[in-house]
1. Taking amide hydrogens as modeled 1.01 Å from N in the peptide plane, which residues meet the under 5 Å criterion relative to R40, leaving out close sequence neighbours?
2. Kirkwood hydrodynamic radius, the range 3-303, all distinct C-alpha pairs: what's the number in Å?
3. Can you divide the C-alpha Rg of the range 112-241 by 2.2 N^0.38 Å and report the result to two decimal places?
4. Can you run phi through the Karplus equation (6.51, -1.76, 1.60; θ = phi - 60°) for the range 245-261 and list ³J(HN,Hα) in whole Hz, with x for Gly and Pro?
5. Ordered by packing density, taken as the mean number of other Cβ atoms within 10 Å over each peptide's residues, highest first, how do 276-284, 306-314 rank?
Amino acid sequence: MGLVQIVCNVAIVTLLQVVFNQLSLKEVLRENALSPTLWRPLAPPLRGHMILAQITDFHVKTGGRRAYGVVDTATRLAAAVTCLSALDPQPDLVVATGDLTDSGQPEEYDLLREILRPLAVPVYLMPGNHDDRETLRQAFRGDGYFPANGFLNYVVEVPDLRLVALDTVVTGEGGGMLCATRLDWLERQLRAAPDRATAIAMHHPPFRSGIAHMDAIGLDGADAFAAVLGRYPQVKRVFCGHLHRAIQTGFGGDIVASTAPSTAHQVSLDLRADGPAAFVMEPPGYQLHVWDARGACVSHTGFVGTYDGPYPFREGGTANAR
Ligand SMILES: [Fe+2]
């Protein structure tokens, strides 16, 4: 039995144990722990392309508590982990673009680690406005990619791709910021590797979505950010969270900036100027960003859950045009 198959089986058993045995999520995950940290060595590229899986806005709460009294965010993240663990081929790495926990408490990060532990590939985290920078740093300092102090910015070198994670959090605020300090750091990283295809990952998107209550807690410094990126054409994509929906737009010239669905609840698709702040229980999801060796990226949105199919495209035993 291969490692991927073992991990899939553990994740499926975990979910079944939670659902049918009424065990607490933490009890079950502790029993099934596979490794003391989330750090994993990157496998060499085998397929001629690199798959970056993006998951976001888990809003993990402990003790079975539900976000806004409705959403069992911890169990929903466990289901997303089960789904990612079953992918074939497996992603090369997983990037989580913020709002990892609902209120930034140490015990929430402990539970987050346990839920993510079955993933067999490297996992990289960054903070959102619901997180606490220092508590996150402490909880995952052993994974080795967070700086010892300051903003939680870092660079991941992947075959065929360079990933730059930016910390957009403003402590105590719903909105985010890319200040001069963070943009100076970004410019130094981009100047150091002009020939490497680069993606930037961060929580707050640098564009207005048209969803008014989310735009009200958007990103300060987006124009200055675009000006920096305009000087570095190796930047191809900007991956974000925060909006709890799959949204994409052009940004800073030829760059595509996008957000991914949450593994928990989705922000209502309401483009009225006075639309209220509200969420819906549309299917939770994730994205797979597939990079080739030339630095081109194609993005797919997948949904967490069990759905009918797959069915073959054939009628009466005869292959049919699609
Ligand atoms: Fe969120």
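FYI, it's all coordinate maths here, none of it is from the lab. Only a predicted model underlies this, so the values are computations on that prediction, with no experimental measurement involved. Cβ coordinates were reconstructed from backbone atoms using ideal geometry, including for glycine residues, and neighbour counts include every protein chain displayed.
1. Hits under the 5 Å cutoff: V123.
2. Taking every pair of different Cα atoms in the range 3-303, averaging 1/r and inverting gives 19.3 Å.
3. 1.06
4. 7, 7, 9, 9, 7, x, 8, x, x, 8, 7, 9, 10, 8, 10, 10, x
5. Highest to lowest by the protection proxy: 276-284, 306-314.
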